[in-house]
1. Can you confirm whether the stretch 212-233 contains a residue that is in the same structural domain as V290 (by TED's automatic domain parsing), within 24 Å of R299 (Cα to Cα) and part of a strand (DSSP E or B)?
2. Taking the criterion of being crowded, with 17+ Cβ neighbours inside 10 Å, in contact with a Gly (Cβ under 9 Å, 6 or more places away or on another chain) and modelled with pLDDT of 75 or more, would at least one residue in the stretch 126-141 satisfy it?
3. Please indicate, with yes or no, whether at least one residue in the stretch 338-356 is buried (at least 19 other Cβ atoms within 10 Å of the Cβ), under 28 Å from the mean Cα position of the chain (by Cα) and under 30 Å from G147 (Cα atoms).
4. Could we say that V266 is surrounded by 21 or more Cβ atoms within 10 Å (Cβ to Cβ), under 22 Å from the mean Cα position of the chain (by Cα) and free of Cβ contacts under 8 Å to residues at least 60 places away in the same chain here?
5. Which of the numbered conditions does F8 fail, given that it passes all the others? Conditions: (1) crowded, with 16+ Cβ neighbours inside 10 Å; (2) part of a helix (DSSP H, G or I); (3) of a type in the set (F, W, Y).
6. Which residue pairs have Cβ atoms under 6 Å apart, sit 6 or more places apart or on different chains, and have a first residue in the stretch 1-25 that is outside the structural domain of F76 (by TED's automatic domain parsing) and on the phi > 0 side of the Ramachandran plot and a second that is in a loop (DSSP other than H, G, I, E, B) and loosely packed, with under 13 Cβ neighbours inside 10 Å?
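The values are calculated or read from the model by the stated rules, or taken from the named source; none is laboratory data. Keep in mind it's a predicted model, so treat the numbers as computed, not measured. All Cβ positions, glycine included, derive from the backbone under ideal geometry; neighbour counts span all protein chains shown.
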Amino acid sequence: MSTQKILFVDDEEHLRFTAKQSLELEGLEVECFPNADQVLQHVTRDFRGILVTDIRLPGTDGLTLMRKALEIDPSFPVILVTGHGDVELAVSSMRDGAYDFIEKPFPPSRLVETVRRALDKRRLTVEVRSLRREVGARDAVEGVLHGRSAVMRALRDQVSAVAAADVDLLIMGDTGVGKEVASRAIHEASLRASMPFVHINCGALPANLVESELFGHEAGAFQGAMRARTGRFEAARGGTVLLDEIDSLSLPLQTKLLHAIQNRVVTRLGSNEPVELDVRFIAATKKDLVAEAAAERFRSDLLYRLNVVTVTVPPLSARREDIPLLFSKLVSDAATRFKRELPEIPDSVLAKVVSQDWPGNVRELRNAADRFVLGLASGDDHSGVEHQDLGLADHMAQHERALIAATLAAHGGSIKETYEALKISRKALYEKMQKHDLSRKAYSEEI
């Protein structure tokens, strides 16, 4: 947590010296300025300090400085320092958002007392905002990254942590695991949530238009460029750019992308004027970029620039216990989307869903849920799975675990209903749940 700081603005040097000395003797951190020119660069919604400014300043006066600070954060405490003739003006400025005012000449104790009250108010404001943001971020993440398995709990924790860090990152995972979903969750849980999220499928960009799509172009930059065009990076300023299938970009384009990410600037085709970027880059891939870099198919320096943090989204095979609840959630979503009545899912269907391999992961499971809701599922949709390299005992154990998990899910974690449905004793069910590391709690909560 950063130290609280007082920004003190006055054009009289001896007042700056006296105020700085008085406040620092009380253990407070102060930065003094002779005018308003450099002050606003310190003021953000998360800045923990306050502003103390004289009303009469050369150039931008104190009231104008206050208004600009309150445009950044309406709750930002501003204390005005006034001469005798400005008291009425200072009083009226309190209606415009000033926290308090001090009339010259003032004793050091008056300054310290007023500053401490303002700092306490600011600390509470920032802490409440931080808490609300944490709760909102957690809700945003849990609302889209479903599952009670250990790997999904770890993924949600990691996503919540990196969302707040505002660093570039790499998301890895097999086809259909939900890399875009994880990227959007990071964006929605970050401070950039109110700004654009721009998803760029690098593999789908026409080869002859990639640069124009990403960086933009000026009118006449190439044949057919009748008017200027804003690139996708510019369109995302203040927000997040997802570079999906980044491994599909050519090496020359990777070089230009590296320059944009390193310097946070782009130059439109046909222009010499750089455009500054304030964006967060998220790259997504199903390939091992370390191996691609070793094979010289991907720039290693671009890889190191992107993977400040690497997030790996697990496949369904690594969280098989999540499948019953996830399938139920997808069925519910499909029923809403297709405006159909929510169908009941038989235990036998859940058991088959759990026991089947899903090489297409969540995307393939969603398609199966859609077919189920539409009444288009065939017997082959949830059966006929080959379990290669498994002996009979392993195959039977896997099927037994899947059947118990599916039945628990179908009955909301009820032990009595589960052992009755499976036609075994309570003791036998407990023994098998312990054997397969199954917990009733995992199936008694909503996704």
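1. Taking the stretch 212-233 and keeping what is in the same structural domain as V290 (by TED's automatic domain parsing), we get 212-233.
Add one more test, that the residue is within 24 Å of R299 (Cα to Cα), and what stays is 212-216, 231-233.
In the following step, the residues that additionally are part of a strand (DSSP E or B) were identified as 216.
There is at least one residue in the stretch 212-233 that is in the same structural domain as V290 (by TED's automatic domain parsing), within 24 Å of R299 (Cα to Cα) and part of a strand (DSSP E or B).
2. Here is the first cut: in the stretch 126-141, the ones crowded, with 17+ Cβ neighbours inside 10 Å are 126, 133, 137, 140-141.
If we keep only those that are in contact with a Gly (Cβ under 9 Å, 6 or more places away or on another chain) too, we end up with none.
No, the stretch 126-141 has no match at all.
3. no
4. Details: surrounded by 21 or more Cβ atoms within 10 Å (Cβ to Cβ): yes; under 22 Å from the mean Cα position of the chain (by Cα): no; free of Cβ contacts under 8 Å to residues at least 60 places away in the same chain: yes.
In short, no.
5. (2)
6. Matching pairs, first to second residue: none at all.
Residues checked against (1) of a type outside the set (D, E); (2) under 30 Å from V311 (Cα atoms); (3) surrounded by 17 or more Cβ atoms within 10 Å (Cβ to Cβ):
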site	(1), (2), (3)
G224	yes, no, no
G238	yes, yes, no
I246	yes, yes, yes
E273	no, no, no
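Every residue, every condition in (1) buried (at least 19 other Cβ atoms within 10 Å of the Cβ); (2) in contact with a helix residue (DSSP H, G or I) (Cβ under 7 Å, 6 or more places away or on another chain); (3) of a type in the set (K, R), yes or no:
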position: R16; (1), (2), (3): no, no, yes
position: A19; (1), (2), (3): yes, yes, no
position: E29; (1), (2), (3): no, no, no
position: Q38; (1), (2), (3): no, no, no
position: T44; (1), (2), (3): no, yes, no
position: G59; (1), (2), (3): no, no, no
position: A69; (1), (2), (3): yes, yes, no
position: L80; (1), (2), (3): yes, yes, no
position: G85; (1), (2), (3): no, no, no
